[in-house]
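Quick notes on the structure that follows.
The values are calculated or read from the model by the stated rules, or taken from the named source; none is laboratory data. What you see is a predicted model, and the numbers here were worked out from it, not measured in a lab. We place every Cβ from the backbone using ideal geometry, glycine too, and count neighbours over all the protein chains shown. Areas reflect the complete protein model, heavy atoms only, side chains present, ligands, DNA and RNA absent. Shrake-Rupley method; radii C 1.70, N 1.55, O 1.52, S 1.80 Å.
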Amino acid sequence: MIINNPAIPQRWRAKMATVLIALALSAQTSPAGTTKTVFFYNPESSVDNFAALKTEFDNYLSGQGEYSFQPFSERNTFETMLTSKAQGVYLLSSWHYAQLNAKTPLEAMLVGVAKGELQQRKILSAKDIANVSALPGSTIAGAGSEEYLRSQLQQMLGAEYAALLPKIKLLSVPKDIDALMAVGFGMATAAISSESSLNKLAMINPKQHAQLKTLASGEKSFLLIAAIAKAQQAEETPLLKVIEGMQQQPAGEKNLKMLGLDGWKRIDSLDASLSKQLRQP
């Protein structure tokens, strides 16, 4: 497939994938169509093969009914689809969900689980600098969009160090562990990663982990959210059940791993304080 051609720069392959996805979406949401869709956009990760992700999820979902999967590489394209009131279930980051809910009424129904955890905390780690004040001019590696990474830095550094943000370069990588490795290989000065990724590094490369120092940490946030338009709750119940049941089937588990998850939890089954955070982001 042309969008997987390594001769084409990654940024152009991503844009081409978005165009193809948008064309497919317009066909699926036509009046005559009956296919329900799972729409996916996650600014907290950097998917490097949208074609493979779509193929795997399409194969799984089509075996469960008239369902399909549409991943998005561009935030604007995803939000345009969302405002068009396309029917289906939306998989998005909790950070993005909180921003969208003020202008696009969504109802969080499921929250992702990874290694038994519903939430994660981002950590800013460095190898050769002693404190935050030494960050100007440095490169920080992290998984996700630049907008997301800068928002995490802003939260971690706070008002005291806000003036440093424009002086920091960002290096976007596919996964948290890649960001940490970039520091080890000298490609970046510091890395934004989750606590679980730091623990993983400690197991696979304890020497490199021992060289890292925590400069700052963020607030806990939920993992991936499965949401629906509030007006379509009854209509989307069958598709939500398919998504929730993925962890009970080997093929479904495999696909969840591609999203960095082990399974899902119902929002209404959570502790009241946690549920409130998602119901009223």
| Share of the stretch 128-281's accessible area from carbon and sulfur, percent, 1.4 Å? | 51 percent
| Gain in length, Ala202 to Glu146, computed as 0.36 nm per residue apart minus the alpha-carbon separation, to one decimal in nm? | 17.5 nm
| said: How many angstrom lie between the Cα centre of the stretch 46-83 and the Cα centre of the stretch 177-196? | reply: 28 Å
| Which of the peptides 160-173, 107-120, 183-196 is most tightly packed, and how do the rest follow, going by the mean number of other Cβ atoms within 10 Å of each residue? | 183-196, 107-120, 160-173
| said: Please report the antiparallel percentage of the DSSP beta bridges confined to the stretch 119-221, to the nearest 5. | reply: 60 percent
| Which pairs, out of Lys54/Lys103; Lys167/Lys265; Lys54/Lys122, put more than 31 Å between their alpha-carbon atoms? | Lys167/Lys265
| field | Inter-label distance for Met258 and Lys103, nm, one decimal - labels placed 7 Å from Cα along Cα-to-Cβ | value | 3.0 nm
